[in-house]
Amino acid sequence: MSHNTFGHMFRSTTFGESHGVALGCVIDGCPPGISLSEADIQPWLDKRRPGQSKYTTQRREADQVKILSGTFEDDRTGGPVTTGTPICLVIENTDQRSKDYSEIRDKFRPGHADFTYLEKYGVRDYRGGGRSSARETASRVAAGAVARKVLDGITIRGGMVQMGTRNTSVRDWDAVSQNPLFCPDAAAAVDWAVALDKIRKSGSSCGAVIEVVAAGVPAGWGAPVYAKLDQDLASAMMSINAVKGVEIGDGFAAAAGSGETNADEIRVSGGKPAFQSNHAGGILGGISSGQDIVVRFAVKPTSSILTPRDTITKDGEETEIVTKGRHDPCVGIRAVPVGEAMMALVLADHMLRHRGQNG
């Protein structure tokens, strides 16, 4: 299987399967001399870790990361720093329950990659989807934690701003860590939790919209043709499991506006350019403007549900399927730290690309 590497100058290659021994990543291109230890990575993995509330899968994984290479104890700093060589991170799987999938090993789960995976490769790991499982995103979050260390001075924050048909315009980022739904609206989170509990108990699921904002990105990152910053961000977010749409700034809502309402007018404040709005999401012509970079992505409802669905077997026989086991009633919740990680990976890559061309 090819295409397991993301990025150009800052490159992350992930490996491992949902029910394999371990998963992880190899990061190539990380600059040397950056302070990095497992303690820098673990908090972000803890945020994504399953089983932390009744609103996510009850699979119990510690998700403890180990750094196998790429760092060295520097006498000058008194701690490990990156050496500029490949950084290998490993996360062991400890709570696989492959027997949960034995009843559906020969059936295609509607909404999953079972059918297309088998059509492409001729072999399929039915245990939780194998390589196509969202379990792979733990590797991305680990890599994103390293990217955050490269992006000194840049803040990346994400939250679930819509759950099913419920949405919020509140952006209190401090509230995200204070509720199990990672919602930036504390009041909405209470209402949404009640609704999601009903969905969970019924054995169904719902979708979500996640917003990720990066503050402190300087103007000038990206390129106007085939390396647009928004182009790479869209690709990054679309690569996340269950994502079916991406918006930058106003996104699709911009189509309903006019040239007057959509343009981000510019004045001068303190001798510097001051944008009066941010409909463009911090990117103009594929290049960062210095404003906050705003990305949203839509996550479809979890396909693993208890309601019987029509499907076929690998031998072409028509049948029904009920997906038992431990699944997220709203996979969008744990997509928040994954979206933050992908934002960090793209920005770290573009920072190094900019440095390489412009010095």
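The values are calculated or read from the model by the stated rules, or taken from the named source; none is laboratory data. No experiment lies behind these values; they were computed from the predicted model shown. Counting neighbours? That spans all protein chains shown, and the Cβs are built from the backbone with ideal geometry, glycine included. Please note that ligands, DNA and RNA were not included when accessible areas were found on the heavy atoms of the full protein model with its side chains. Shrake-Rupley method; radii C 1.70, N 1.55, O 1.52, S 1.80 Å.
Can you give the longest stretch of the chain with no exposed loop site, where a site means GluC sites (Glu not before Pro) in a DSSP loop (not H, G, I, E or B) with at most 10 other C-beta atoms within 10 Å?
1-264
Using a Gaussian network model of the chain whose springs link C-alpha atoms within less than 10 Å, name the residue from Leu151, Leu181, Leu45 with the highest mean-square fluctuation.
Of the options given, Leu151 has the highest mean-square fluctuation.
Students often get this wrong, so check it: of Lys107/Lys244; Lys228/Lys300; Lys120/Lys314; Lys201/Lys244; Lys66/Lys324, which have C-alpha atoms separated by over 22 Å?
The answer is Lys107/Lys244; Lys228/Lys300; Lys201/Lys244; Lys66/Lys324.
Quick one: putting +1 on the C-beta of Lys and Arg, -1 on the C-beta of Asp and Glu, what dipole do you get for the chain around its Cα centre, in Debye to the nearest 20?
500
Just to confirm my numbers, what's the Cα centroid distance between segment 286-356 and segment 113-181 in Å?
6
Taking the Cα-to-Cβ direction at Val225 and at Phe72 and moving 7 Å from each Cα, how far apart do the two end points lie in nm?
Using points 7 Å along Cα→Cβ, the separation is 4.0 nm.
Carbon and sulfur atoms: what percent of the 1.4 Å accessible area of the chain do they account for?
Roughly 51 percent of what the probe reaches on the chain is carbon or sulfur.
Just to be sure I understand: with springs between alpha-carbon atoms less than 10 Å apart, which residue in Thr71, Thr82, Thr261 has the highest mean-square fluctuation in the Gaussian network model of the chain?
Thr261
Looking at the chain as a GNM with Cα springs under 10 Å, which of Gln42, Gln178, Gln276 has the largest mean-square fluctuation?
Fluctuation is largest for Gln276.
If packing is taken as the average count of other Cβ atoms within 10 Å, what order do 138-149, 183-194 fall into, highest mean first?
138-149, 183-194
How much length would be gained if the chain were fully extended between Thr307 and Lys120, taking 0.36 nm per residue of separation minus their Cα-Cα distance, in nm to one decimal?
64.5 nm
Heavy-atom accessible area per residue, the chain, 1.4 Å probe: how many Å²? Write down the numbers at each step before the final one.
Values: 17000 Å² over 359 residues.
On a per-residue basis, the chain sits at 47 Å².
Rounded to the nearest 0.05, what FRET efficiency do Ala186 and Met1 give with R0 = 35 Å and r taken as the Cβ-Cβ distance? Could you check? Could you put the intermediate results ahead of the total?
Numbers: r = 43 Å, r/R0 = 1.22.
Plugging the Cβ-Cβ distance into 1/(1 + (r/R0)^6) gives 0.25.
Residue farthest toward the positive end of the dipole of segment 115-251, with Cβ of Lys/Arg at +1 and Asp/Glu at -1: which of Ala236, Ala214, Gly129?
Toward the positive end, the furthest listed residue is Gly129.
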